[in-house]
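Following: one structure in structure tokens, then a few remarks.
Read-outs throughout are calculated quantities, based only on the coordinates presented, and are distinct from any laboratory measurement. Computed from a predicted model, the values in this text were never measured in an experiment. Note that we place each Cβ from the backbone using ideal geometry, even for glycine, and neighbour counts take in every protein chain shown.
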Amino acid sequence: MTLHLFNPDHDIALDSNLENFTPPHAARRLRGDLGIIPAIWMGEHDAVLVDDEAAAHSLWRSLSRKMVGRGTPRILTSTALAKEPIDRIEPWGWDLALRRRLLRAGVGEHLLPSREQVSVIRQLSHRRTSSDLLPMLRMEGTVGEARECGTVAYVRRQLDVWGSIVVKAPWSSSGRGVRFFSQTMTAQDEGWLNNVLSRQGSVMAEPFYRKIKDFGMEFCCDAAGNVSYLGLSLFHTQNGAYTGNILAPEHAKRSMMEHYLPLSLLDSVRQRICEEGQRLFGGRYEGPFGVDMMVVGDHDGYLLHPCVEINLRRTMGHVALALSQAVNPEEDDERCAVMRISCSEDRYWLRIVSL
């Protein structure tokens, strides 16, 4: 039996790099309210670990009305794990805090990555991996640069060169840890930089681009290091935070993107990521990952930034791909919908809204 679990506090846990880590209230609430979502893609004989059984059943009742042929999933809490015949665990993402949490719940250590393996995943999740991949994806029709900076002075130099820059902490989530600097750096900016540099050792600096549209591509790396493409992720953000995804067949999403970029360019970048991903992750990471991209406005039209960020974990784009198949199991079904995540009265909700 494979045990699935949703740990959206993963990025924050990577930042802390602590085994005894307590996520912020909002992250704990998100984990409790949306804990059932792995049931969308898990196998018939698998189980999903949740914090809040009542919330899990409530969300599943809502989602299952929209999905085709889905029964009631097997739901577990941590108190039952030690007695279950688990032979594999598939979390949202691996970090030291999750490893410790599962050990405390009685999960056998042989089912978990070692501390050394988690350390490798953490280092690969550093934003420098995105800057390592970016030059490999540069081709006609693309744009993008990034520099790792270890001092405030280095950031100032990049600000002088580029004029307006985006500065990112190496590990952060949902728009946090990202600052925009234009022409000058304030004392507050410098204080934030010094804080990040002291905790994480460096920051990533990039030119500021005129963003037209966010999107991404979703992939998976197998145990042999082979990287396979899973699909496009067309998503929405608000103030840097994720709010929802379009649910549609791949050909419909490609048609939407064709308004901005040649499909041949997207296909070339996709193939290059599969090739270079094997070099980057082969033998060091197994599981899903996503590459965030954006359409950039240019005086001659549009350009592609092919690697804004790599998420070395499952993403909401993966959720949307699984949900698209569950809602419209036939590829030629032209109906589109939106998967939206919202928060009201200290509760998170995932809804499917037809277009």
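How big is the stretch 95-140 by the Kirkwood estimate over distinct Cα pairs, in Å? Over the stretch 95-140, the inverse of the mean reciprocal pair distance is 12.6 Å. Applying 1/(1 + (r/R0)^6) with r as the Cβ-Cβ distance of Glu145 and Val178 and R0 = 22 angstrom yields a FRET efficiency of 0.85. Radius of gyration over Kirkwood radius for the stretch 1-73, both on Cα atoms: the Rg/Rh ratio is 1.03.
Assuming R0 = 22 Å, what is the FRET efficiency of Asp222 and Leu111, from their Cβ-Cβ distance, to the nearest 0.05? With a Förster radius of 22 Å, E is 0.75. For the chain, a Kirkwood hydrodynamic radius built from all Cα pairs, placed in the Stokes-Einstein relation at 10 °C and 1.306 mPa s, yields a translational diffusion coefficient of 75 µm²/s.
Legend: calculated FRET efficiency, Ser342 to Arg104, from the Cβ-Cβ distance at R0 = 45 Å, rounded to 0.05, equals 0.90.
Site pair Val68 and Glu44 shows an inter-label distance of 1.7 nm when each label is modelled 7 Å from Cα along Cα→Cβ. Restriction of the GluC sites (Glu not before Pro) in the stretch 112-156 to DSSP coil positions whose beta-carbon has at most 10 other beta-carbons within 10 angstrom yields Glu140. Shape summary of the stretch 254-323, radius of gyration then Dmax from alpha carbon positions: 13.7, 43 Å. Bridging of Lys66 to lysines at a Cα separation below 30 Å is possible for Lys213, Lys253, once same-chain residues fewer than 8 apart are set aside.
Placing pseudo-labels 7 Å out from each Cα toward the beta carbon at Cys274 and Met1 gives an inter-label distance of 3.6 nm.
Think of it as helices only: each DSSP H run of n ≥ 4 in the chain is worth -39500 (n - 2.57), and spread over all residues that comes to -10500 deg cm²/dmol at 222 nm. When only the Cβ of Lys, Arg, Asp and Glu is charged (+1, +1, -1, -1), the dipole of the stretch 242-353 relative to its Cα centre reaches about 420 debye. Dipole check for the stretch 1-47: with +1 at the C-beta of Lys and Arg, -1 at the C-beta of Asp and Glu, and the Cα centre as origin, the magnitude is about 180 Debye.
The angle separating the long axis of helix 152-162 from the principal Cα axis of greatest extent in the chain is about 70 degrees. Taking a ≥ b ≥ c as the square roots of the eigenvalues of the Cα gyration tensor, an a/c ratio of 1.5 or more together with a/b no larger than b/c marks the stretch 191-262 as oblate. With the charge dipole of the stretch 224-355 set up from +1 on Lys and Arg Cβ and -1 on Asp and Glu Cβ about the Cα centre, the Cα lying farthest toward the positive end among the listed residues Met316, Val296, Ser344 is that of Ser344. Taking the empirical scaling 2.2 N^0.38 Å for compact globular proteins as reference, the stretch 181-336 has a Cα radius of gyration ratio of 1.18.
Axis of helix 316-327 versus longest Cα principal axis of the chain: the two differ by about 50°, to the nearest ten degrees. Computed from the Cα positions only, the extents of the stretch 22-164 along the three principal axes stand at 57, 37, 31 Å, in decreasing order.
Simple point charges give the picture: +1 on the Cβ of Lys and Arg, -1 on the Cβ of Asp and Glu, and for the stretch 55-99 a dipole about the Cα centre of about 320 debye. Between the helical axis of 115-125 and the dominant principal axis of the chain, each derived from Cα atoms, what acute angle in degrees is found, rounded to the nearest 10? For 115-125 against the chain, the angle is about 50 degrees.
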